[in-house]
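A.B. asks: Okay, handing you the structure first.
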Amino acid sequence: MDREQKDMQFLGLFDIYLESYKIIFNFRRIFSKISLAFILPLSLIFLANIAVSDSLSSDGATFWLVEFIYLTFFLVFSILSTSAVVYTMASVYTGYDVTFGKVISVIPKVWKRLMVTFLCAFLVIFYCNVVLVDPIILWRKIIKHVDMNSLVFFRAFVILYVVVIVHMTVVWWLASIVSVLEDIKGIKAMTKSGNLIQGKMWIAIVFLLKLEAAIFGIRKLFKSQVVHTGTFGIAGRFTFGFLCLLMIFSVFLFGLVIETVIYFVCKSYHNKNINKLSLSDHLDEVFQGEYIPTKANDDQLEKIDV
């Protein structure tokens with residue numbers, strides 16, 4: 001990253017996109033290796049699940065077994081991809097010498113923290129669904145006649161649900177960045193993420209919505225033109241299949257890079273400038289397997305450059 005840390009807080013969403021593209025392009029060699037090793041399998045798993053699930057009944061035991069296997073593999077490669085990309089981004093930022101071998105060596109040292117954070121975030125979102133969705137379903141079953149007041153209440157509840165889920169999802173993916181770069185995990189990582197995202201929440205939400213819209217569009221295109229053969233025959237099926245793979249591959253890669261850039265933007269916004277030398281030492285300690293948890297008053301991600 002060529003920008004000064006203090007200037008990153010002024011980056012808008014377009015600037016973040018541009019910065020992310022420059023990083024991937026300038027370090028395309030290492031990102032290509034990471035993508036082929038982790039993000040390509042993640043993309044294939046994502047598309048394969050669409051094809052397989054579409055042919056199964058959602059009420060059958062086979063369907064839920066397939067979903068369980070899919071979620072397991074998707075979670076594993078999500079953790080591997082996130083660990084690799086975030087560590088590489090931190091190395092790029094500090095000018096630390098990073099190779100694919102170092103990335104592979106670092107993953108076993110950070111994946112446990114990331115796993116705990118993923119599981120905690122999943123449980124929190126699951127709890128939110130139970131608290132907010134179940135009353136809506138119950139209300140729809142009990143209320144036979146929908147009057148204007150009931151409709152207003154229903155819509156307000158749906159809006160509340162969407163706001164909570166979007167907020168928790170933003171906190172979730174930023175917490176995953178925190179878990180890789182800092183020695184905290186789980187609820188603590190999510191709490192820190194929630195504090196960190198304040199002031200840049202709208203940028204994160206707009207990015208999240210665009211990301212989800214892109215994934216949704218790719219899913220629909222793959223399902224209509226590949227799974228269901230589509231309107232272009234067998235040749236079109238292979239063409240659209242490759243196109244969808246390329247698009248979801250790019251979305252996953254750019255998404256992880258952009259998320260990490262947003263992390264640095266949030267740090268800058270809260271005047272928690274990153275001491276590049278200290279962070280470089282931290283990365284080296286993680287690589288050497290000699291990482292010692294930093295104290296609150298000596299956090300390499302909290303020091304302000306002078």
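A.B. asks: Answer yes or no: is there a residue in the range 51-62 that is open to solvent by less than 30 Å² (accessible area, probe 1.4 Å), within 20 Å of residue 176 (Cα to Cα) and outside any loop (DSSP other than H, G, I, E, B). Break it down stepwise before answering.
C.D. replies: Step one: filter the range 51-62 for residues open to solvent by less than 30 Å² (accessible area, probe 1.4 Å), giving 53, 60.
The next check asks that each one be within 20 Å of residue 176 (Cα to Cα); those that pass are none.
No, the range 51-62 contains no residue that is open to solvent by less than 30 Å² (accessible area, probe 1.4 Å), within 20 Å of residue 176 (Cα to Cα) and outside any loop (DSSP other than H, G, I, E, B).
A.B. asks: Something else now. List pairs: first residue in the range 70-89 and under 19 Å from residue 181 (Cα atoms), second residue assigned to a helix (DSSP H, G or I) and open to solvent by 40 Å² or more (accessible area, probe 1.4 Å) anywhere in the structure, Cβ distance under 7 angstrom, at least six positions apart or on different chains.
C.D. replies: Going by the 7 Å Cβ cut-off, the qualifying pairs are 79/111; 79/115; 83/111.
A.B. asks: Search the range 26-35 for residues being among the hydrophobic types (A, V, I, L, M, F, W, C) and within 12 Å of residue 92 (Cα to Cα), and hand back the single one that is least open to solvent (accessible area, probe 1.4 Å).
C.D. replies: Residues of the range 26-35 that are among the hydrophobic types (A, V, I, L, M, F, W, C), as a first pass: 27, 30-31, 34.
Right, trim to within 12 Å of residue 92 (Cα to Cα) and you get 27, 30-31.
Numbers: 27: 81, 30: 19, 31: 3 Å².
Among them, the one singled out is 31.
A.B. asks: Has the range 214-229 got at least one residue that is open to solvent by 70 Å² or more (accessible area, probe 1.4 Å), touching a residue at least 60 places away in the same chain (Cβ under 8 Å) and assigned to a helix (DSSP H, G or I)?
C.D. replies: Scanning the range 214-229 turns up at least one residue that is open to solvent by 70 Å² or more (accessible area, probe 1.4 Å), touching a residue at least 60 places away in the same chain (Cβ under 8 Å) and assigned to a helix (DSSP H, G or I).
A.B. asks: Residue by residue through the range 55-88, note down the ones that are among the hydrophobic types (A, V, I, L, M, F, W, C) and under 19 Å from residue 185 (Cβ atoms). Before you say what the answer is, go through the steps one by one.
C.D. replies: The initial filter retains those residues of the range 55-88 that are among the hydrophobic types (A, V, I, L, M, F, W, C), namely 56, 61, 63-66, 68-69, 71, 73-77, 79-80, 84-86.
Residues satisfying the conditions are 75, 76, 79, 80, 84, 85, 86.
A.B. asks: Any residue at all in the range 161-183 that is assigned to a helix (DSSP H, G or I), in contact (Cβ under 8 Å) with a residue 40 or more places away in the chain, open to solvent by less than 30 Å² (accessible area, probe 1.4 Å) and of a type in the set (Asp, Glu)?
C.D. replies: No, the conditions are met nowhere in the range 161-183.
A.B. asks: Next up: Among the residues of the range 88-98, is any within 19 Å of residue 41 (Cβ to Cβ), under 16 Å from the mean Cα position of the chain (by Cα) and in a helix (DSSP H, G or I)?
C.D. replies: Looking only at the range 88-98, we keep the residues that are within 19 Å of residue 41 (Cβ to Cβ), and these are 88.
Within this subset, residues satisfying the condition of being under 16 Å from the mean Cα position of the chain (by Cα) are 88.
Right, trim to in a helix (DSSP H, G or I) and you get 88.
The answer is yes, given that some residue of the range 88-98 is within 19 Å of residue 41 (Cβ to Cβ), under 16 Å from the mean Cα position of the chain (by Cα) and in a helix (DSSP H, G or I).
A.B. asks: Condition first: of a type outside the set (A, V, I, L, M, F, W, C) and surrounded by fewer than 24 Cβ atoms within 10 Å (Cβ to Cβ). Now tell me which residues in the range 82-101 satisfy that.
C.D. replies: First pass over the range 82-101, keeping only residues of a type outside the set (A, V, I, L, M, F, W, C): 82-83, 87-88, 91, 93-97, 99, 101.
Scanning the range 82-101 gives 91, 93, 94, 95, 96, 97, 99, 101.
A.B. asks: Among the residues in the range 20-28, are any among the small types (Gly, Ala, Ser) and modelled with pLDDT of 85 or more? Let's see the steps before the verdict.
C.D. replies: Kept after step one, since they are among the small types (Gly, Ala, Ser), are these residues of the range 20-28: 20.
Imposing the further condition that a residue be modelled with pLDDT of 85 or more reduces the set to 20.
Yes, there is a match, as at least one residue in the range 20-28 is among the small types (Gly, Ala, Ser) and modelled with pLDDT of 85 or more.
A.B. asks: Condition check: among the hydrophobic types (A, V, I, L, M, F, W, C), out of contact with any strand residue (DSSP E or B) (no Cβ under 9 Å at 6 or more places or on another chain) and either closer than 28 Å to residue 22 by Cα or touching a residue at least 12 places away in the same chain (Cβ under 8 Å) (or both). Does residue 65 satisfy that? Lay out the reasoning, then the answer.
C.D. replies: Working: among the hydrophobic types (A, V, I, L, M, F, W, C): yes; out of contact with any strand residue (DSSP E or B) (no Cβ under 9 Å at 6 or more places or on another chain): yes; either closer than 28 Å to residue 22 by Cα or touching a residue at least 12 places away in the same chain (Cβ under 8 Å) (or both): no.
No: the conditions fail for residue 65.
A.B. asks: Do we have any residue at all in the range 165-181 that's over 26 Å from residue 10 (Cβ atoms), within 17 Å of the chain's Cα centre (by Cα) and of a type in the set (Gly, Ala, Ser)?
C.D. replies: Yes: the range 165-181 contains one or more residues that are over 26 Å from residue 10 (Cβ atoms), within 17 Å of the chain's Cα centre (by Cα) and of a type in the set (Gly, Ala, Ser).
A.B. asks: Please tell me if residue 239 is open to solvent by 30 Å² or more (accessible area, probe 1.4 Å) and on the phi > 0 side of the Ramachandran plot. It would help to see each step written out before you state the result.
C.D. replies: Numbers: open to solvent by 30 Å² or more (accessible area, probe 1.4 Å): yes; on the phi > 0 side of the Ramachandran plot: no.
Taking the combined requirement at face value, the residue does not satisfy it.
A.B. asks: Just a yes or no: is a residue in the range 122-131 open to solvent by less than 40 Å² (accessible area, probe 1.4 Å), part of a helix (DSSP H, G or I), modelled with pLDDT under 85 and in contact with a Ser or Thr (Cβ under 8 Å, 6 or more places away or on another chain)?
C.D. replies: Checking the range 122-131: at least one residue is open to solvent by less than 40 Å² (accessible area, probe 1.4 Å), part of a helix (DSSP H, G or I), modelled with pLDDT under 85 and in contact with a Ser or Thr (Cβ under 8 Å, 6 or more places away or on another chain).
The values are calculated or read from the model by the stated rules, or taken from the named source; none is laboratory data. Remember, predicted model here, so these are calculated numbers, not experimental data. Cβ atoms come from the backbone with ideal geometry, glycine included; neighbour counts cover every protein chain shown. Protein only, heavy atoms only, side chains kept; ligands, DNA and RNA dropped before computing areas. Shrake-Rupley method; radii C 1.70, N 1.55, O 1.52, S 1.80 Å.
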